[in-house]
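A short worksheet on the structure shown next.
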Amino acid sequence: MSVNNSLDISRTFLTALSTRTFRYYEDRIPQDASLLIVSNHRSFMDALVLMAALSSPIRFACHHYMGQVPILREFVTGQLGCFPLEENQNRQQSFFTQSQRLLQSKQMVGVFPEGADPMVKYTPANRVGEFRRGFAHLALRSQVQDLAVLPVAIASLEESNTAAFPLKLLSLFDPSEPLFNQYGWHPLVVYHRVAILIGRPYWITPHHHHQYHGKQAKNVVAELTTHCHDEISKLLYQGCY
């Protein structure tokens, strides 16, 4: 994958869909740092929108099935540079290994800590679900210098919604995912106008690494997770209204 290929594709895709984007608080984006981007997630367009808004390729961790479906696999991994996670039993280790390698090479890594739930179940534009804490463990156990976790809210201002395909179809590619073992259709959210609001970065310091041991580890993980969730919730409310 060319370094700038995914950024060019993102911009071209948004132009083709006539999607208008609005960026706020761009002065909060750290410079000359390794960045772990954390964002809410409702649409297949989210990775494209974030790359265009931050004017940089971002290596997103994506669902296992995206690496199994022909054509989709070539686009998501080959063109956009996303890295699909392994099946359930190896998912966490796969995420840590691939993400740390990318961060160490100063590439931006993006995660959607709500998981696949808001993608397969229709979610209101102003709502953000519970965050899984894997990204916080990644940041705190990483030995990357000058690492900042950057929360970013994607606030849909105008969109259209339709049904894409039956959820059970995806179980053919990832039978281990319980979300796909149900009837109903996968929603398809297309943004027409969308705001990208940058939150306050959370810098990972030697003090955080020191706290990430023993009984203190749970507290520092919760602190980082809460910071990102609260920032995105606040910005999402601001952006949607």
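What follows draws every value from the coordinates through simple rules; no lab data is involved. From a predicted model like this one, the values you see are computed outputs, not experimental measurements. Note that each Cβ is placed from the backbone with ideal geometry, even for glycine, and that neighbours are counted across all protein chains shown.
Quick look at the values:
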quantity: Extension gain, R132 back to Q31 (0.36 nm per residue minus Cα-Cα distance, nm); calculated: 33.7 nm
quantity: Where labels lie 7 Å past Cα in the beta-carbon direction, separation of N161 and S105 in nm; calculated: 3.9 nm
quantity: Net length gained if the chain between T205 and R11 were fully extended (0.36 nm per residue, minus Cα distance); calculated: 66.4 nm
